[in-house]
Amino acid sequence: MNKTIETLLNHRSIRKFKDTKLTTEQIHTIVKAAQQASTSSHVMAYTIIGITDENLKAELKAVSGQPYVKDNGHLFVFCGDLNRIYKQAAPAEQAQMQESIESTEQFIVTTIDVALAAQNATIAAESMGLGTCFLGSLRNDINHVNNLLDLPEHVIPLFGLAVGYPDQQPEIKPRLPIEAIYHENKYANDEDQSEIITDFDNQLASYYENRSKNARSDTWSEQMIRKYKNPIRMDVTPFIKDKKLNRR
């Protein structure tokens with residue numbers, strides 16, 4: 001097994017970091033690695049905002065509710081960005097581009113581009129001995145985050161990425177077995193997966209009960225049912241449409 005595969009298979013979210021800031025060189029290396037991710041039609045439909053202002057970090061921490069939004073080596077916010085392309089066009093061309101820019105297809109392109117870039121950044125950081133944690137919790141008040149970052153139309157904050165030197169070594173959380181994720185030629189019958197999911201529930205229950213911190217009694221199925229029975233961040237849909245994305 002090569003070192004790249006080892007890095008990928010050893011991923012775990014780090015939620016406690018040492019009080020050591022990343023260097024400018026480390027930050028630029030991570031961003032350059034993010035930029036080398038695949039991108040649809042060379043659009044590169046993302047902007048990455050590094051947060052160095054401690055007061056701004058504190059504001060974002062208040063939105064998230066997570067201390068590691070502020071206490072980390074560096075905080076990146078990954079934004080979907082079609083503004084860069086739109087602003088390059090003359091007004092007459094912008095009118096011709098508007099239908100496409102505001103389409104669901106281009107919204108999907110944007111979110112995929114952001115996710116690919118962020119995953120590259122994560123792998124790069126972890127290969128450097130750093131830890132990472134994705135922060136979807138910045139969408140807890142997406143309008144406020146948008147205003148804090150002064151984002152124009154066609155730009156939306158999708159998630160944060162906290163990076164730093166780990167001050168903990170949590171166990172690797174189990175993933176669904178490959179049979180549940182990888183199907184050949186067609187989608188597997190739901191009933192064919194029921195036994196696989198039951199076995200995974202038992203495995204994850206054991207993990208939760210025996211992990212070194214925050215032990216609890218839970219299964220994957222119970223966790224997912226709780227999650228989707230209680231809608232959250234329902235303001236995200238109108239926010240995205242107000243930003244003139246995913247409207248058509």
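No lab work stands behind these numbers, since they all come straight from the coordinates. Values in this document were obtained by computation on a predicted structure and should not be read as measured data. Backbone-built Cβ (ideal geometry, glycine too); neighbour counts: all protein chains shown.
A few comments on the model shown:
- Taken over segment 9-29, the criterion of being closer than 18 Å to residue 168 by Cα, touching a helix residue (DSSP H, G or I) at 6+ places or on another chain (Cβ under 7 Å) and not in a loop (DSSP other than H, G, I, E, B) is satisfied by 17 alone.
- Subset of segment 178-215 (residues that are in a loop (DSSP other than H, G, I, E, B) and more than 27 Å from the chain's Cα centre (by Cα)): 184, 185, 186, 188, 189
- From the options 218, 201, residue that is among the charged types (D, E, K, R), surrounded by 13 or more Cβ atoms within 10 Å (Cβ to Cβ) and under 30 Å from residue 72 (Cα atoms): 218
- Selected residue (criterion: farthest from the chain's Cα centre (by Cα)) from residues of segment 217-235 that are within 15 Å of residue 202 (Cβ to Cβ) and not hydrophobic (A, V, I, L, M, F, W, C): 217
- Residue 47 falls short on exactly one of the conditions (1) more than 19 Å from residue 159 (Cα to Cα); (2) part of a strand (DSSP E or B), and that condition is (1).
- Residue count for segment 204-215, restricted to those that are surrounded by 13 or more Cβ atoms within 10 Å (Cβ to Cβ) and free of Cβ contacts under 8 Å to residues at least 24 places away in the same chain: 2.
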